[in-house]
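This report refers to the structure that appears directly beneath it.
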Amino acid sequence: MLRRLWLAILFCCGLIGSGRAETPSAEAEGRRWLAHFQCNRCHDGSGLPDVPQEKHCTHCHQDILAGTFRIDQETLHTWQSHLTSLNVVPSLAGIGVRLRRSWVESFLLKPHDLRPALPALMPRLAITPPVAKQLAAALVPKEATPTPLPKGNLAQGRLLLESLGCATCHRFSGVPPLAVHSATFSLSTAQLQNAIALAPDLRFARERLQTNSLASWLRNPKQLKPDTLMPSFALSDEQVADLRAYLLTTPLLPQPAPPPFVRLPVLARRVSFEEVNERVFRRICWHCHSTPEYAKGDGGPGNTGGFGFQGRGFSVTSYSDVASGVLDDKRNRRSVFSPVSGPEAGPDKTPRLVAVLLARHKELAGQVTPGLRGMPLGLPALSAEQIQLVESWIAQGRPQ
Ligand code: HEC
Ligand code: HEC
Ligand code: HEC
Ligand code: HEC
């Protein structure tokens, strides 16, 4: 009787079963969020169903580059010459056995550049801390207990990184530059190009990887991630220990801060909408700020919504679309040319359209501008000349 009473108390207070019951529910919530943020429009291997080509940012770009997209040859060639973003994106296959849950959680909240040869970055989505926790639980449901840091010969580890040709694909910032020994891997030219784009900077391995997964990864990467382009190397136990020791424990220099962004003065010459459109809107922004006719029923995440955003109703497909502005949080229209107000306002009355471009430079330097999301979302910041062009066009009264 007494025992039953105790059990009842323990249940009421959530002291029994919480460990078991809570984990699956955080995971289930996380899976719901994966669908909400449409992570599968860029990533394969998320566990969500495939999306059709006209919705999949990466697959459609890949089909165009491979020449398998059904369209006339002339258009295809023009498109191919413009496409640089989201042509390859790391798949999330096997992420649960490789990455640390806590790392995934913090990365989703504050994504940063992991792959020096990949132009696109993980976008800064509207993910709150509790949601990041649930997403991380869904992606890394069970993490193995960390093993102690390896003991191995650091100098040997470094020599192996060089002699095995690891630097063909990988950069390792923070250590003296690695020599690139040419090695042949059984990959086609296109595969090698993708492997280089997808190879992470090895400085992050120590914070990202579950320590015990690294040895298995070095022995046979495909066992942990079937679709990886990283080749397998026949390594002895001693070689694995030396490589692991160097990767996880060699001292790292801090990452240098990116050079401060210098804004250029507005241009004296006339800047037309056509020029801004050609070099900025049509070239970089329109896919996320398009009209449904262009993007097959979907105006893109920045216009009709997507990636968990409601959509700001902002299309850049014509002069009048740009002039009609964006929806604010209360769904009222506001101009993109008037200065930003509130905490994000700068001293110099920067128009919203320019402020979001400057905010992207700040994001890439690790700072978030309150109330502003950097544009272009998830892509490298615009050059000083491109921003100057937009700014000059607005300063000149936006000629047609
Ligand atoms: C617009 C495309 C896009 C969307 C949408 C997107 N991602 Fe990403 N994600 C990327 C790119 C590109 C990278 C590679 C970034 C890098 O290497 O610097 C990345 C990297 C990651 C990584 C690191 C993986 C690794 O192996 O390094 C994780 C984890 C991740 N994304 C999770 C998510 C989740 C979860 C969502 C949905 C909430 C999501 N992503 C939505 C483009 C996207
Ligand atoms: C139906 C195929 C298709 C889909 C789906 C698609 N794109 Fe594109 N994308 C293209 C084409 C075609 C171009 C090149 C257009 C041109 O030449 O101006 C392009 C260009 C771009 C560009 C500018 C060029 C570059 O490489 O930087 C960006 C950015 C972009 N797309 C992002 C996205 C994002 C984000 C998504 C998912 C929300 C997406 N695209 C979905 C076909 C597609
Ligand atoms: C042909 C290109 C290529 C070569 C050569 C290569 N790798 Fe990789 N490596 C990759 C790619 C691509 C990934 C990313 C895994 C993925 O997402 O598929 C990776 C991932 C890794 C990771 C995980 C890093 C992380 O942060 O997730 C480590 C560690 C690693 N490689 C070590 C090595 C070592 C050590 C060597 C040499 C013995 C080596 N790699 C050679 C392409 C390569
Ligand atoms: C990968 C998709 C993507 C690309 C590329 C992109 N945007 Fe956006 N944009 C979005 C999304 C999503 C939102 C809504 C963000 C939100 O609600 O917080 C948005 C919002 C905006 C807003 C409204 C911001 C506000 O606070 O009202 C402006 C202005 C904007 N984008 C300009 C641009 C410009 C200019 C470019 C090209 C240089 C660009 N965007 C490229 C997805 C994108």
In the range 47-58, is there at least one residue being part of a helix (DSSP H, G or I) and either open to solvent by 80 Å² or more (accessible area, probe 1.4 Å) or modelled with pLDDT of 50 or more (or both)? yes
Taking the options 318, 341, 324, name whichever one is of a type in the set (Ser, Thr, Tyr), within 16 Å of ligand 2 (Cβ to nearest atom) and not assigned by TED's automatic domain parsing to the domain that holds residue 119. 318
Is it true that some residue in the range 176-189 is within 15 Å of ligand 3 (Cβ to nearest atom), at pLDDT 95 or above and open to solvent by 60 Å² or more (accessible area, probe 1.4 Å)? no
If I filter the range 118-167 down to residues being of a type in the set (Gly, Ala, Ser) and more than 29 Å from the chain's Cα centre (by Cα), which single residue comes out as nearest to ligand 4 (Cβ to nearest atom)? 157
Could you run through the range 358-389 and say how many residues are assigned to a helix (DSSP H, G or I), surrounded by 20 or more Cβ atoms within 10 Å (Cβ to Cβ) and either touching a residue at least 40 places away in the same chain (Cβ under 8 Å) or within 16 Å of ligand 2 (Cβ to nearest atom) (or both)? 6
Of 98, 124, which residue is of a type outside the set (Gly, Ala, Ser) and touching a strand residue (DSSP E or B) at 6+ places or on another chain (Cβ under 7 Å)? 98
Working only within the range 246-281, note down all residues that are open to solvent by 90 Å² or more (accessible area, probe 1.4 Å) and of a type outside the set (D, E, K, R). 251, 253, 254, 255, 256, 259, 260, 262, 265, 268
Kindly state which helices (runs of 4 or more DSSP H) lie completely within the range 60-164 and contain at least 1 residues that are open to solvent by 30 Å² or more (accessible area, probe 1.4 Å) and within 19 Å of residue 46 (Cβ to Cβ). 95-98, 101-109, 129-139
Candidates 321, 298, 329, filtered to the one that is farther than 30 Å from residue 81 by Cβ and among the charged types (D, E, K, R): 329
Reported set for the range 282-311 where residues are over 21 Å from the mean Cα position of the chain (by Cα) and not in a loop (DSSP other than H, G, I, E, B) is 282
Can you find a residue that is open to solvent by 90 Å² or more (accessible area, probe 1.4 Å) and over 17 Å from residue 167 (Cβ atoms) anywhere in the range 237-245? yes
Would you point out which residue out of 129, 119 is out of contact with any Ser or Thr (no Cβ under 6 Å at 6 or more places or on another chain), farther than 20 Å from residue 210 by Cα and assigned by TED's automatic domain parsing to the domain that holds residue 48? 129
Read through the list (1) within 6 Å of ligand 3 (Cβ to nearest atom); (2) under 21 Å from residue 147 (Cβ atoms), then give the number of the only condition that residue 206 fails. (1)
Is it the case, given these coordinates, that residue 206 is within 23 Å of the chain's Cα centre (by Cα), more than 16 Å from ligand 4 (Cβ to nearest atom) and open to solvent by 50 Å² or more (accessible area, probe 1.4 Å)? yes
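Conditions (1) under 18 Å from residue 125 (Cβ atoms); (2) touching a strand residue (DSSP E or B) at 6+ places or on another chain (Cβ under 7 Å); (3) of a type in the set (Phe, Trp, Tyr); (4) away from ligand 1 (no atom under 16 Å from the Cβ), marked per residue:
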position: 336; (1), (2), (3), (4): no, yes, no, yes
position: 348; (1), (2), (3), (4): no, no, no, yes
position: 351; (1), (2), (3), (4): no, yes, no, yes
position: 364; (1), (2), (3), (4): yes, no, no, no
position: 378; (1), (2), (3), (4): yes, no, no, no
position: 382; (1), (2), (3), (4): no, no, no, yes
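The values are calculated or read from the model by the stated rules, or taken from the named source; none is laboratory data. Note that the structure is a prediction, hence the values are computed from the model and not measured. Positions of Cβ are generated from backbone atoms using ideal geometry, with glycine treated the same way; all protein chains shown enter the neighbour counts. Ligands, DNA and RNA are stripped out before the accessible areas are found, and what is left, the full protein with its side chains, is counted by its heavy atoms. Shrake-Rupley method; radii C 1.70, N 1.55, O 1.52, S 1.80 Å.
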